[in-house]
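Structure first, commentary second.
The values are calculated or read from the model by the stated rules, or taken from the named source; none is laboratory data. Quick caveat: nothing in here was measured; it's all calculated off a predicted structure. Please note: Cβ atoms are built from the backbone with ideal geometry, for glycine as well, and neighbour counts cover all protein chains shown.
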Amino acid sequence: MSEKQSIAFFELHQPWERAYLEAQLSDLSLRFAPGILDEQSVSQVADADIVSVFIRSKVSRGVMEQIPGLGLVATRSTGFDHVDTAAARERGVVVSNVPAYGENTVAEHVFGLILTLSRKIMQAYRRVSQGQLSLEGLMGFDLMGKTLGVVGAGRIGLHVIRIARGFNMNVLAYDVRPQPLLAEVLGFSYAPLGELLQRADIITLHTPYMPQTHHLINRDSFKLMKRGALLINTARGGLVDTAALLEALDDGILAGAGLDVIEGEELIGEEQRLVASPVAEDTLRTVLRHHALLRYENVIITPHIGFYSREAVERILDTTVSNIRSFLAGQPTNSVDGTGDAALQAGQKAA
């Protein structure tokens, strides 16, 4: 490795995050680029050895081709669908992620959304802020005795289950790799997805986004659900078919939805870029559907903040620093989708 590796960080918005990284990586050359990394912004960092991004960046094959010395993409997220790992393997680029940082953080946000919906907290707040104290239409329901359906019982899902059991909820879980011993210890049951959708009063999604899980929750899924169920999504927006979600809300199948992620969320608030570049009609429709969701009183949308506590962000930065240090030492850690092996075989391009 050269003595002064160049690392470009994208999507860091808080001054303390930059100061934290500068203190941890003081021997390296750091730069902090505004906005996201994509094929329009990549020219700013064409000489970088390492780039670190979050979920709104798009590290495509085209981006990698424009950074010839790239050795590591360190995404500060668990999911890595925003990075073209196939292209990375071909080019000998390591892609590292942060496999664990905020299981409890996201799980706590899940219950923030559930309680806000179940007790109609937003409607009550709006009413009181207008000087009205009527209880009409504000009756909620207890969580105790209700059935929570957890789709994806991995690290985050298991934390959700622990909290749900604390509320004395019944829990059904669907996962492609069931762990019967954990189910026995924590007091929940596994069920096929269809059965979970039929029996759950509240459904919360914690599965990765990939081609196989695209629109996992669709029109057919909503038809199986109990009338009056709640849907919570803090995983990835693409897991839910937005058009089907709107229909389920309009038809009263869903009593409400708590969404920390929405399909195509990276386009919301970037209307200028949409106008300035050719965008498919379907993409524009998706954006408009998301704006339509904002008009529903029984839909709560938060801006992908499920992970966003001070403690969780520090854990993300610590793991990212560790990933960078390990890569520079020639022993990549937390590499995903075979990219670490491919990089080693290619002689580690950043060396």
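Selection of the range 269-312 for residues being modelled with pLDDT of 75 or more, more than 26 Å from residue 76 (Cα to Cα) and surrounded by 12 or more Cβ atoms within 10 Å (Cβ to Cβ) yields 292, 293, 296, 298, 299.
Take residue 88 and decide whether it is crowded, with 19+ Cβ neighbours inside 10 Å, in contact with a strand residue (DSSP E or B) (Cβ under 7 Å, 6 or more places away or on another chain) and of a type in the set (Gly, Ala, Ser). Spelling it out, residue 88 is indeed crowded, with 19+ Cβ neighbours inside 10 Å, in contact with a strand residue (DSSP E or B) (Cβ under 7 Å, 6 or more places away or on another chain) and of a type in the set (Gly, Ala, Ser).
Residue pairs whose Cβ atoms lie under 6 Å apart, separated by 6 or more positions or on different chains, with the first residue in the range 242-255 and assigned by TED's automatic domain parsing to the domain that holds residue 203 and the second among the acidic types (Asp, Glu) and surrounded by 16 or more Cβ atoms within 10 Å (Cβ to Cβ), are 242/263.
Which of the residues that make up the range 226-252 are part of a loop (DSSP other than H, G, I, E, B) and either surrounded by fewer than 22 Cβ atoms within 10 Å (Cβ to Cβ) or basic (Lys, Arg) (or both)?
226, 227, 228, 236, 241, 251, 252
Remark: pairs (first residue in the range 120-134, under 20 Å from residue 299 (Cα atoms); second residue among the polar types (S, T, N, Q) and assigned to a helix (DSSP H, G or I); Cβ separation under 8 Å; 6+ apart in sequence or on different chains) = 122/116.
Here is a check on your reading of the model: is residue 118 over 22 Å from residue 333 (Cβ atoms), surrounded by 18 or more Cβ atoms within 10 Å (Cβ to Cβ) and of a type in the set (S, T, N, Q)? Outline the logic, then answer.
On the way: over 22 Å from residue 333 (Cβ atoms): yes; surrounded by 18 or more Cβ atoms within 10 Å (Cβ to Cβ): yes; of a type in the set (S, T, N, Q): yes.
Here the answer is yes, as residue 118 does meet what is asked.
Considering (1) at pLDDT 95 or above; (2) part of a loop (DSSP other than H, G, I, E, B), the lone condition that residue 137 does not fulfil carries the number (1).
Going by the conditions given, is residue 114 of a type in the set (Val, Ile, Thr) and more than 14 Å from residue 232 (Cα to Cα)?
So residue 114 does not fit the description; no.
Would you pick out the residues in the range 223-241 that are farther than 21 Å from residue 108 by Cα and more than 22 Å from the chain's Cα centre (by Cα)? Answer for the range 223-241, where residues must be farther than 21 Å from residue 108 by Cα and more than 22 Å from the chain's Cα centre (by Cα): 223, 224, 225, 226, 227, 228. Considering (1) at pLDDT 90 or above; (2) over 24 Å from the mean Cα position of the chain (by Cα); (3) buried (at least 19 other Cβ atoms within 10 Å of the Cβ), the lone condition that residue 323 does not fulfil carries the number (2). Restricting to the range 206-239, and then to whatever is polar (S, T, N, Q) and touching a strand residue (DSSP E or B) at 6+ places or on another chain (Cβ under 6 Å), can you tell me which residue is nearest to residue 158 (Cα to Cα)? Here the answer is 207.
Scanning the range 164-184 for residues that are buried (at least 17 other Cβ atoms within 10 Å of the Cβ) and β-branched (Val, Ile, Thr) turns up just one, 171. When the criteria are applied in full, residue 45 meets the requirement of being surrounded by 14 or more Cβ atoms within 10 Å (Cβ to Cβ), aliphatic (A, V, I, L, M) and more than 19 Å from residue 332 (Cα to Cα). Residue count for the range 51-108, restricted to those that are among the acidic types (Asp, Glu), over 18 Å from residue 314 (Cβ atoms) and outside any loop (DSSP other than H, G, I, E, B): 2.
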